[in-house]
């Protein structure tokens, strides 16, 4: 009789484990709503033209940030989620600024909701692929030239909240590769990174004048302080 009690207990435990693992797998495989909605948008007829224009403006933004002598005077770059997603649909191989350098990362999509930017993409292959998504807020730090604050609002594996530490380390390493110093602090609700551009320069040759996420657009403005 006692043996059957142990068998029943074992079967019950097994059933609980199956339910828990199944529920966890469902949560991990479930895609965030913004990503599913973006992926449901089929390629549009004007995607090539929109993608080409967006790529040109991204290139101009990179030049203004990394080679200010080539972009003297005031400048501004603004992108809607629709423009960025058209660019990604057309050729995501060129979207290195919108995707982490992860093995097997594919199908990146973006969403702008209020003052929050979301970026998501698939990691892995076939049945093992899951969607990793990141949600951030960003703004200029008052009275600190060329200093940007980045609030890491959310990181998810499918619909499951995920650890932020690994991404924070990746972002800091990426910043260091591009002459920026990104350090993380504990905010009221989420980690906040303070990123100082041109960290190795005593005298900046460029200054940021605007960083804004609102009304469905990401806008970055600045001014080159030197001429060609």
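Since every read-out is calculated from the coordinates, none of them should be taken as a lab result. Not measured: the values here are computed from a predicted model.
Report Rg/Rh for the range 97-206, rounded to two decimals, where Rg is the Cα radius of gyration and Rh the Kirkwood radius. Intermediate results must be reported in sequence, preceding the final value.
Values: Rg = 15.1 Å, Rh = 15.1 Å.
Ratio value, two decimals: 1.00.
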In the range 31-224, how does Rg compare with the Kirkwood Rh, expressed as the Rg/Rh ratio over alpha carbon atoms?
0.95
Computed on Cα atoms, the radius of gyration and Dmax of the range 132-178 in angstrom are 12.6, 38
